[in-house]
């Protein structure tokens, strides 16, 4: 019961701190970690311990799936150098550097224990990187590189950690050639499993008759993929990512309602699970400090030294990439400047994986467990908490806010969408009245706003846009007032005698869909697009209870 109460408190704190983070432009996961860690000073807070073997299987699959859905095969092909240089080479170098540092500064440290420390703290956590870096305003190219790195770097560290754990528990020896073979097996097997489950999920999704069920399927598959991979000693991390990308590549089979439902569903799931994960990190930090006892000062010193090694090695590697680009006169790899190198170093945040691996070390027969836990905690704090709080300032100081590339790419995609829409209108114009064709053509012709270079009279154009925006706001205000009155009337009908609540909900859903279809926020996606002409004429609103037209026949309940 104590655990359930703590989880509920963490969820409530998540909702509060998400708003605080948005208001002050701070990463809310870091705020949540600090808030839960500060509970050490509150008397009577229950001591919550999570089984280490459950942390990764419970939290990683859905969070990795959410990240994988935002990736693509093209993104991996573009960033394959990042996968090799960061996810494999840099992680391996970090493990070796931390191993050497641990054996030098910690008396009595064994090779296996030192490798375990290195493997635990080497990989930046993809969940932490996504949660902290994305809202800050880092250019999308850098975020994509960080995401690609984070999605694959756990494979090397998990293989090394499992080998070190086996050496600790059964007194076996570490073998570098064997580690390489194990890594190749885990990666290849994981890709195969991920592709299979991604294909299987796509087939199952096409045969489900409910958009809610199709969204639910995407929550089940990540756990199935992860467990299946772990059962055959493959990388569950890689398998989940591959399955997510594979299923996302078949989004053309989905109706718009499926995509809207799925996006909203996963935004909520990702926020809540991320909140619980980072909240538990804070609680475990609290417990690690309590359990360290009298040697806490010495352990913190060792943790600070190793954290410095981790950060400085990453910075040196990033600077080396910048120098390589300069020598080769190439921009093929990120970072491309010293400023970007500093931001990517600051974004190398450790999180859930680091703590979960450290907690999985045996409590009996291993004398360095407390030491490893404190070191992992210090690395986590030095690489996530402090950088997370200062990253917005650093990005602003270096002038690395969102670059024009994303705006240009959005314009290009909107232009492609406009051309496709206009071609479809022309193909179906023979059977439609000319005024209908003209109205629809006018809507999609203005999907893409003019760039400053395309405008002859900038002042006149800005005045026209301002006037159009004013009319749009007036229209939206009147429309929303009318819709709100209609919705309030139907909601009040729930209390009327003889009115079936299910019928009320059905009618209310129709009104909500009208509100969503005519949402003025569309103007932020398609500047120059005038809402109000997008919905069917009065009395002709599509009945969403009827089966929509699909590439593969199926009906929505």
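The values are calculated or read from the model by the stated rules, or taken from the named source; none is laboratory data. Bear in mind the structure is a predicted one, so any value in this text is a computation, not a measurement. All Cβ positions, glycine included, derive from the backbone under ideal geometry; neighbour counts span all protein chains shown.
Name every residue in segment 205-229 that is loosely packed, with under 15 Cβ neighbours inside 10 Å and within 15 Å of residue 249 (Cα to Cα), in order of residue number.
Hits for segment 205-229: nothing passes.
Could you list, in sequence order, all residues of segment 242-287 that are within 13 Å of the chain's Cα centre (by Cα) and modelled with pLDDT under 85?
263
How about segment 153-192: which of its residues are crowded, with 19+ Cβ neighbours inside 10 Å and either in contact with a strand residue (DSSP E or B) (Cβ under 8 Å, 6 or more places away or on another chain) or more than 19 Å from residue 84 (Cα to Cα) (or both)?
161, 163, 164, 165, 167, 168
Can you confirm whether segment 405-422 contains a residue that is exposed (fewer than 15 other Cβ atoms within 10 Å of the Cβ), at pLDDT 80 or above and over 26 Å from residue 261 (Cα atoms)?
There is at least one residue in segment 405-422 that is exposed (fewer than 15 other Cβ atoms within 10 Å of the Cβ), at pLDDT 80 or above and over 26 Å from residue 261 (Cα atoms).
Cβ-Cβ distance below 9 Å, separation of 6 or more or different chains: which pairs start in segment 210-234 with a residue that is in the same structural domain as residue 254 (by TED's automatic domain parsing) and at negative phi and end on one that is buried (at least 21 other Cβ atoms within 10 Å of the Cβ) and outside any helix (DSSP H, G or I)?
228/234; 229/235
So which helices (runs of 4 or more DSSP H) stay within segment 27-144 end to end and still have 2 or more residues that are more than 21 Å from the chain's Cα centre (by Cα) and at pLDDT below 85?
Details: elements: 28-37, 52-69, 73-78, 91-105, 111-121, 126-133.
The qualifying helices (runs of 4 or more DSSP H) are 52-69.
Count, please, the residues in segment 184-201 that happen to be farther than 23 Å from residue 157 by Cβ and under 20 Å from the mean Cα position of the chain (by Cα).
Total satisfying the criteria: 1.
Between a residue in segment 463-484 that is surrounded by 15 or more Cβ atoms within 10 Å (Cβ to Cβ) and any residue that is at pLDDT 80 or above, which pairs come within a Cβ distance under 9 Å, given they are 6 or more apart or on different chains?
483/511
Looking at segment 238-250, can you tell me whether even one residue there is surrounded by fewer than 17 Cβ atoms within 10 Å (Cβ to Cβ), touching a residue at least 24 places away in the same chain (Cβ under 8 Å) and within 28 Å of residue 264 (Cα to Cα)?
Of segment 238-250, the ones surrounded by fewer than 17 Cβ atoms within 10 Å (Cβ to Cβ) are 249-250.
Narrowing the set further to residues that are touching a residue at least 24 places away in the same chain (Cβ under 8 Å) leaves 249-250.
Then drop every residue that is not within 28 Å of residue 264 (Cα to Cα), which leaves 249-250.
Scanning segment 238-250 turns up at least one residue that is surrounded by fewer than 17 Cβ atoms within 10 Å (Cβ to Cβ), touching a residue at least 24 places away in the same chain (Cβ under 8 Å) and within 28 Å of residue 264 (Cα to Cα).
Looking only at residues in segment 325-343 that are touching a residue at least 24 places away in the same chain (Cβ under 8 Å) and surrounded by 17 or more Cβ atoms within 10 Å (Cβ to Cβ), which one is farthest from residue 76 (Cα to Cα)?
Of all residues in segment 325-343, those touching a residue at least 24 places away in the same chain (Cβ under 8 Å) come to 332-335, 339-343.
Filter once more, so that each one left must be surrounded by 17 or more Cβ atoms within 10 Å (Cβ to Cβ): 333-335, 340-343.
Details: 333: 13, 334: 14, 335: 17, 340: 20, 341: 21, 342: 23, 343: 21 Å.
Once the filter is applied, the top-ranked residue is 342.
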